[in-house]
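Below is one structure; the comments refer to it alone.
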Amino acid sequence: MKNGISYKQNKIEGVFDYILIGSGPGSLACASVLSKYGKRCCVLEKHYTAGGFTHVFRRRGYEWDVGVHYIGDVNRPTTLLFKIFNYITEGRLKWEDMGEIYDKVILGDEEFHFVKGSENFKKEIKKNFSDPEDQKAIDKYIDLIYRASNASKGFYYEKVLPNFITYFLGNKLRKKYMKFASRTTLEVLQDLTNNKKLIALLTAQYGDYGLPPSKSSFAMHAMVAKHYMKGGSYPIGGAGQICASMLPTIRKGGGEVYTRAGVEQILFKNNRAIGVKMEDEKEFFAPVIISGVGYFNTYKMIPNWISKKIQWKKNNLKMKRSLSHMSLYIGLKGTTKDLGLKKANYWIYPGDYDHDLSMSKFLDNPEKESFALTYISFPSAKDPTWQERYPKKSTIEVITFAPYQWFNKWEQKEWKKRGGEYDNLKEKYSQRLLQQLYRVEPQLEGKIDHYELSTPLSTSHFVNYDKGEIYGLSHDPPRFKNKFLKPRTNLKNLFLTGQDIATAGVSGALVGGILTASTILNRNVIKEIVSK
Ligand SMILES: Cc1cc2nc3c(=O)[nH]c(=O)nc-3n(C[C@H](O)[C@H](O)[C@H](O)COP(=O)(O)OP(=O)(O)OC[C@H]3O[C@@H](n4cnc5c(N)ncnc54)[C@H](O)[C@@H]3O)c2cc1C
């Protein structure tokens, strides 16, 4: 499914209120809100299809998701996230609940389940940890992740306030959340328990934000754990529906989403953003420019003569990129039932009970050591429309982290023409990832019809993150201290949106989109959505 219309085949015409660069869920959510307020938005996307990491691709009669496997907090109409999605998609996006078990965790040879609902979750985890001290730690842990998430309100509210107010009130609003955000996940969990196995289990979703416990901010961990605590959901019709369901909202406002529309530079006059220059040198103008392509990519688009760019350069030094990954896209002949597939994802770890150690062992010796983490998702099993759309077929995605540096010697080579050495390396990793799949689903051995591996170079090629990073900026404690990660920039008429000004994840990017629209419109959009 391709979303958006091609810039190569369709002229951009007329006057737009806003130009948005990039079509990730953050930009699309922002454009949808602005459109609902009668504004005309022009969304420019470099890739051949819109949606950012929510796009899907098709090959050999199969369809795979690139960056959506499950989304939390949308399986009840009372949640804020459900209401936001409902508002921007005008009710077009529907969700399929993943059932009681949303994640299965394998630590060495043992299997554990993450089940829906905080009380059920506690009960299920406690079954495996009978020591009363561990049981107390589990209770305290759940309490803490809710407290951390509740503390985030002031932190996000501060991002939309005008600078003169944040100057006086900013630290006060951020303080409560920063208590959680400035500590690592490991530090916080070690306050609760010394049981390494329990810590390893409770942090088993660290792949959702890309940093092991000693490096990640507890705020990010808590946000993700709470996000899925009431279960996971999947967009009915596949991840491509996230973008498809926002397009009519944007079009109703007179806007459009153009694909194959790479932006080269943001144009300025007297330090004010006034438009964009495309890769084909054409120029388009609007009173406000919104960038949803990440902080580092936005920096690259600002000309060097802009004096305030120096501050951005200094800011760059304060941030790291998130990790990169390899994903094995698998196609199988047979239905979910034929193949015995379930909706729950797998998180597979070696038996170290120490994710940091497993990660450093793997990075030091990738040939010999086990993958630090393997994640497996069964998209076709999660989508009730799949069998209608792809009869008698199924799909699986198997993912692991992999540094960009392993592949950078091929970065100048063209996609699909990177040569035998690259293909052999990919084949070696593909086989290892298949073995991980067979470990947990042995019935699939011999049933694979097609597989292909993406590397960090693929991510860089298709989604334009320089080092193939999957979650934009790294979610370590210093990230949360950076007050410049908000919609308003120090350059007049240039705004940011998407995951880098909030957090990774479709919901994080969506929140980014709402924050940006709120800032630009100078309205409390969330309050208005809730009241509707
Ligand atoms: C493997 C993987 C699995 C994931 N799984 C989940 C999951 O299960 N659940 C979940 O909630 N989240 C998941 N995520 C994270 C989620 O997909 C992202 O956090 C989210 O999509 C980020 O949205 P964004 O709006 O910031 O923009 P992005 O999705 O990052 O999109 C940015 C867009 O900008 C475009 N662009 C870049 N440069 C230019 C330019 N110069 N001109 C024009 N366009 C440009 C890019 O092509 C891209 O389309 C996953 C991500 C990955 C990679």
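The values are calculated or read from the model by the stated rules, or taken from the named source; none is laboratory data. Nothing here was measured: the structure is a model prediction, and the numbers come from that model. Note that we place each Cβ from the backbone using ideal geometry, even for glycine, and neighbour counts take in every protein chain shown. The protein model used for the area step is the full one, side chains on, heavy atoms only, and it has no ligands, DNA or RNA in it. Shrake-Rupley method; radii C 1.70, N 1.55, O 1.52, S 1.80 Å.
What part of the accessible area of the chain, given as a whole %, is carbon or sulfur when the probe is 1.4 angstrom? In the chain, the share of accessible area belonging to carbon and sulfur is 50 percent.
Translational diffusion of region 1-143, estimated by Stokes-Einstein from the Kirkwood radius over alpha carbon pairs at 4 °C in a medium of 1.567 mPa s, is 68 µm² per second. Taken one residue at a time, the phi angles of region 482-488 give Karplus couplings (6.51, -1.76, 1.60, θ = phi - 60°) of 7, 5, 6, 7, 8, x, 7 Hz. Gly and Pro are set to x.
Sequentially through region 261-267, phi angles give Karplus couplings (6.51, -1.76, 1.60; θ = phi - 60°) of 10, x, 9, 9, 8, 8, 8 Hz, Gly and Pro residues having no value and appearing as x.
The charge dipole of region 117-229, taken about its Cα centre with unit charges on the Cβ atoms of Lys, Arg (+1), Asp and Glu (-1) only, comes to about 340 debye. Extension gain, residue 484-residue 357: 0.36 nm per intervening residue step, less the Cα-Cα distance, totals 42.4 nm.
Spin-label model, residue 270 to residue 118: label points 7 Å out along the Cα-to-beta-carbon direction sit 5.3 nm apart. Taking all protein chains into account, the per residue accessible area for region 117-229 stands at 46 Å² (1.4 Å probe). Summarising the overall dimensions of the chain from its C-alpha atoms, the Rg and Dmax are 22.4, 68 angstrom. In this structure the amide hydrogen of residue 393, modeled in the peptide plane, comes within under 5 Å of the amide hydrogens of 334, none closer than 5 places in sequence on its chain. Sparsely packed loop sites in region 356-428 (the chymotrypsin sites (Phe, Trp or Tyr not before Pro) outside DSSP H, G, I, E and B with at most 14 other Cβ atoms within 10 Å) comprise 415.
Loop-located GluC sites (Glu not before Pro) in region 311-395 (DSSP state not H, G, I, E or B) with no more than 11 neighbouring Cβ atoms inside 10 Å: 367.
The amide H of residue 288, built 1.01 Å from its N in the peptide plane, has 19 as neighbours under 5 Å, considering only residues 5 or more places off or on other chains. A cut-off of 5 Å between modelled amide H atoms, ignoring neighbours fewer than 5 places along the same chain, links residue 117 with 230, 231.
Normalised by residue count, region 117-229 yields a Cα convex hull volume of 99 Å³ per residue. The distance between label points at residue 279 and residue 307 comes to 3.5 nm (points 7 Å beyond Cα on the Cα→Cβ vector). Under the convention that each Lys and Arg Cβ holds +1 and each Asp and Glu Cβ holds -1, the size of the dipole of the chain around its Cα centre is about 2020 debye.
Ordering 227, 203, 162 by the projection of their Cα atoms onto the charge dipole of region 117-229, which places +1 on the Cβ of Lys and Arg and -1 on the Cβ of Asp and Glu, puts 162 at the extreme positive end. The DSSP beta bridges internal to the chain are antiparallel in roughly 70% of cases.
Whole-Hz Karplus values for region 429-444 come out as 5, 4, 5, 5, 5, 5, 4, 4, 5, 5, 4, 9, 10, x, 5, 8 Hz, taken residue by residue from phi with 6.51 cos²θ - 1.76 cosθ + 1.60 and θ = phi - 60°; glycine and proline positions read x. Compare the Cα positions of 142, 24, 526 along the charge dipole of the chain (+1 at Cβ of Lys, Arg; -1 at Cβ of Asp, Glu; about the Cα centre) and return the one farthest towards the positive end. Result: 526. Using bins of 10 Å that start at zero, the share of Cα-Cα pairs per bin across region 217-276 amounts to 15, 21, 28, 29, 6, 0, in whole %.
Reported to the nearest whole Å, the Cα centre-to-centre distance from region 298-371 to region 453-532 is 17. An oblate overall shape is assigned to region 373-532, the ratio a/c of its alpha-carbon gyration tensor axes (a ≥ b ≥ c) being 1.5 or greater and a/b not exceeding b/c. Computed over the chain, the per-residue total of -39500 (n - 2.57) for DSSP H runs of n ≥ 4 gives a 222 nm mean residue ellipticity of -11500 deg cm²/dmol, rounded to 500. Expressed in units of 2.2 N^0.38 Å, where N is the residue count, the Cα radius of gyration of region 340-439 is 1.29. The length gained by stretching the chain between residue 143 and residue 337 to full extension, at 0.36 nm per residue less their Cα-Cα distance, is 66.0 nm.
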